[in-house]
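Just below is one structure, and these are the notes that go with it.
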Amino acid sequence: MAENFYVELLHNLTANLAIAIDQVKGGETKETDGIEFNAEDFWNRLGLVFKAIAHEATKLSLTFSSPPLPSSQECESLITGVEKTTLALVSLYYCLPKSQGLRLRKSTQNAVVDVIQGITDLAKAVEQYGCGSSEQLQSTGNVWNGADIFPQIPKVKKNNREAVLKVICEAQGMATDALQEIQEAVDSGGIGDDLDELLDEDVGSDNENTWSERDKTLLGPCLGLLKASKSLLKKTKDTVKKNACCNSEQTVMQLDDLADLVDRLSPAVDELASSLYPPLHYQTLNENGKCVYQIHGTMLEFIRKCDFVTENDQQWIDFLHKANQHNWENINTHLNEVS
């Protein structure tokens, strides 16, 4: 049993790391109004702490990579090093004020939590599987990957605009995929070729996996609404990338609010696309289409008033507003016809 002294130490470490994760997720900034935030100094220090975390993970992993096991004093020293570095990381995270942007703070929080979770998984792997397990090697690699995130990002890009752009780009990718998938279904008549082969029979127009003629009248304007989502996200991304600067608290707040709207649009687009597969349920389609239409309208009106939107942007905002209205009116018209 004496040889297993390190199991209890590692178990205590994972418990302390779990507390650290909870602190990061629920912690508030230590910064107060009137204290100037030095962004360059903050990101430099954060990068150094991330490197220190990776170093501590490497030491821990190498020590337990093969027999003989470390002495109790060596093990305690290793774990103390991990805990001190983790505490420094948590403390430094608290120094990132909300005035720098909630989305930037959230992305930083995620990175901090991920790397602490990586250390936790490493300690658990050693505790549960012993020295040199594949789980231990994988966990060590995960810590390295997590610790490499921030040092590799140029300091000039560590701002709320970049954090929000990431949100918009991810939503744009999801909207593009959803539109492409439903378009492919339309091109194939509502059922995939691979399923056709499995059935090995002709699929008639009355099959539940195909659209009726009534259904088809709705597909055009619904696809138009999805295309409007894709265009809205692309135009928004381009405008933010070109014009938005995080040199005022108001712009930072506007970017956060914009990201919140994008967060609402993304699942709404997915729900609308999913409801277009046959057989159509008109009430569900109406609800999902209305949700996308309303979020479009809210986003467009919000973007129109943002500080980083120029006079030239008003043209595409007006165009998408008209397209949104046109597609929704067509959906209503066709829904009335089939009801």
Could you say which residue among 96, 137 is within 30 Å of residue 248 (Cα to Cα), touching a residue at least 60 places away in the same chain (Cβ under 8 Å) and within 29 Å of the chain's Cα centre (by Cα)?
96
Could you pull out the residue among 262, 309 that is part of a helix (DSSP H, G or I) and touching a residue at least 24 places away in the same chain (Cβ under 8 Å)?
262
Flagged in region 87-123 as part of a loop (DSSP other than H, G, I, E, B) and not aromatic (Phe, Trp, Tyr), in numbering order, are 95, 96, 97, 101
Quick one: residue 216 ticks every box in (1) out of contact with any helix residue (DSSP H, G or I) (no Cβ under 6 Å at 6 or more places or on another chain); (2) basic (Lys, Arg); (3) loosely packed, with under 15 Cβ neighbours inside 10 Å except a single one, so which number is it?
(3)
Which residue pairs have Cβ atoms under 7 Å apart, sit 6 or more places apart or on different chains, and have a first residue in region 70-82 that is over 18 Å from residue 120 (Cβ atoms) and a second that is assigned to a helix (DSSP H, G or I) and open to solvent by 50 Å² or more (accessible area, probe 1.4 Å)?
72/5
Under 7 Å between Cβ atoms, which residue pairs at least 6 apart in sequence (or on different chains) link something in region 34-56 that is touching a residue at least 12 places away in the same chain (Cβ under 8 Å) with a partner that is surrounded by fewer than 13 Cβ atoms within 10 Å (Cβ to Cβ)?
none
Every listed condition ((1) in contact with a helix residue (DSSP H, G or I) (Cβ under 6 Å, 6 or more places away or on another chain); (2) over 24 Å from residue 257 (Cβ atoms); (3) among the hydroxyl-bearing types (Ser, Thr, Tyr); (4) modelled with pLDDT of 80 or more) holds for residue 80 save (1)
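Conditions tested, residue by residue: (1) farther than 30 Å from residue 242 by Cα; (2) at pLDDT 95 or above; (3) not β-branched (Val, Ile, Thr).
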position: 300; (1), (2), (3): no, yes, yes
position: 303; (1), (2), (3): no, yes, no
position: 316; (1), (2), (3): no, yes, yes
position: 324; (1), (2), (3): no, yes, yes
position: 327; (1), (2), (3): no, yes, yes
position: 338; (1), (2), (3): yes, no, no
Which residues, taken from region 38-79, are under 16 Å from residue 20 (Cβ atoms) and either open to solvent by 60 Å² or more (accessible area, probe 1.4 Å) or among the acidic types (Asp, Glu) (or both)?
56
Checked region 267-298 for anything among the small types (Gly, Ala, Ser) and surrounded by fewer than 22 Cβ atoms within 10 Å (Cβ to Cβ); matches are 268, 274, 275, 297
Which number in (1) over 21 Å from residue 164 (Cβ atoms); (2) open to solvent by less than 60 Å² (accessible area, probe 1.4 Å) marks the one condition that residue 240 misses?
(1)
Might you check whether a residue that is of a type in the set (Asp, Glu) and under 22 Å from the mean Cα position of the chain (by Cα) occurs anywhere in region 239-256?
yes
Inspect all residues belonging to region 78-86 and state whether any of them is closer than 30 Å to residue 249 by Cα, among the basic types (Lys, Arg) and part of a helix (DSSP H, G or I).
no
Within the bounds of region 312-334, is there any residue that is open to solvent by 80 Å² or more (accessible area, probe 1.4 Å), aromatic (Phe, Trp, Tyr) and within 24 Å of residue 222 (Cβ to Cβ)?
yes
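One line per residue, one yes/no per condition, for (1) under 18 Å from the mean Cα position of the chain (by Cα); (2) closer than 16 Å to residue 65 by Cβ; (3) among the basic types (Lys, Arg); (4) crowded, with 19+ Cβ neighbours inside 10 Å:
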| residue | (1), (2), (3), (4) |
| --- | --- |
| 100 | no, no, no, yes |
| 106 | yes, no, yes, no |
| 109 | yes, no, no, no |
| 112 | yes, no, no, yes |
| 118 | no, no, no, yes |
| 122 | no, yes, no, yes |
| 126 | no, yes, no, yes |
| 129 | no, yes, no, no |
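The values are calculated or read from the model by the stated rules, or taken from the named source; none is laboratory data. Since we're looking at a predicted model, the values are computed, not measured. Reconstructed Cβ throughout: ideal geometry from the backbone, glycine too, with neighbour counts over all protein chains shown. These accessible areas exclude ligands, DNA and RNA; they are computed on the full protein's heavy atoms, side chains included. Shrake-Rupley method; radii C 1.70, N 1.55, O 1.52, S 1.80 Å.
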